[in-house]
1. Every residue in the stretch 50-84 that is touching a Leu at 6+ places or on another chain (Cβ under 9 Å) and among the aromatic types (Phe, Trp, Tyr), please.
2. Does residue 179 satisfy the criteria of being assigned to a helix (DSSP H, G or I), of a type in the set (A, V, I, L, M, F, W, C) and not assigned by TED's automatic domain parsing to the domain that holds residue 303?
Amino acid sequence: MVQFVMKPQKVEISYKTIIFTVVFLISLFVIWQLRSLILLVFLCYIFMEGLNPAVTWFQKFKIPRVVAILIVYILIAAAVSFSIAGIIPALVEQSTNLIRSLPNTVQNINFWGIDSTNISSQFKLLENLPGNIATTALSIFSNIISIFVFFVITFYLLLERNNFDNYLINIFGKKGHKAVEIVNELQKRLGHWVGAELLLMLVIGILSYIGYLIIGLNYALPLAIIAGLLEIVPNIGPTIASILAGLFGLTVSPLIGVLAVVWGIIVQQLENNFIVPKIMKERIGINPLITILLIASGAKLGGVAGAVIAVPLYLTAETIFKTLTKK
């Protein structure tokens, strides 16, 4: 019989492969360690692209760019200040009453077989909601340094925005024109996304508040503000807001609870069928189904923050891929 003897094969690994692997692993480690800073810069970049059209508009009147940026910052600060001045008094009063009434809320609900025993655990979650919101808001405003850094980075990004093309060409050389094309396309798409989100939040908040006032729902202002803020998480946010409004409507009467849910459904249908498709598909170019999948995936991987940045991350990746593969 003939026996075949397998000769041992040598696997040679070049020093270049070893160096590349080590550098790649070190780069991943550094990126992971700097993930918070990278996320901050990315958010600043998104905010910058959202403000840049306004700064450019002011420059049309022969206003220096630095002054134009300061004017935009002043307008933002003024808008926030006037909004807070008009909202805070009523918000504090109604939210205080809401928190005080929560212990009695469970006892007042007895409708269609739903009683306090069946939903006590769910109301414990709702009872903690105002406190969690207040704690989150307090932590945000107390961290003045982080907010200051955010606006400073955004300021310098805005200041240097017109020089991005030259910087990219100097860094990438002959391939710099592709990088310039990517940045310019990102400016358009991310700017549209920021404007779309702000518009959606405002529209949903106003529609919710008007409806809650008409049907006589208690705590209309804080619930409308919650609905507007939750709109930053499309489809999921309005659903949660409708459920909250319906639960608190039941404390007034079964009819108010049903009307609150119905109004939430109407607002959500208007959003899904008219507002979001028009903005996301026509202006940004994302199919609503893809938007839902992106938000769900982002929420699964990174919680609320992941759901919020899922769409701009997708826009960034899609823009880079399409630009690099375009002939």
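1. 73, the sole residue that qualifies.
2. So residue 179 fits the description; yes.
The values are calculated or read from the model by the stated rules, or taken from the named source; none is laboratory data. Predicted model only: the values in this text are computed from it and were never measured. When we count neighbours, we look across all protein chains shown, and the Cβ atoms used for this are built from the backbone with ideal geometry, even at glycine.
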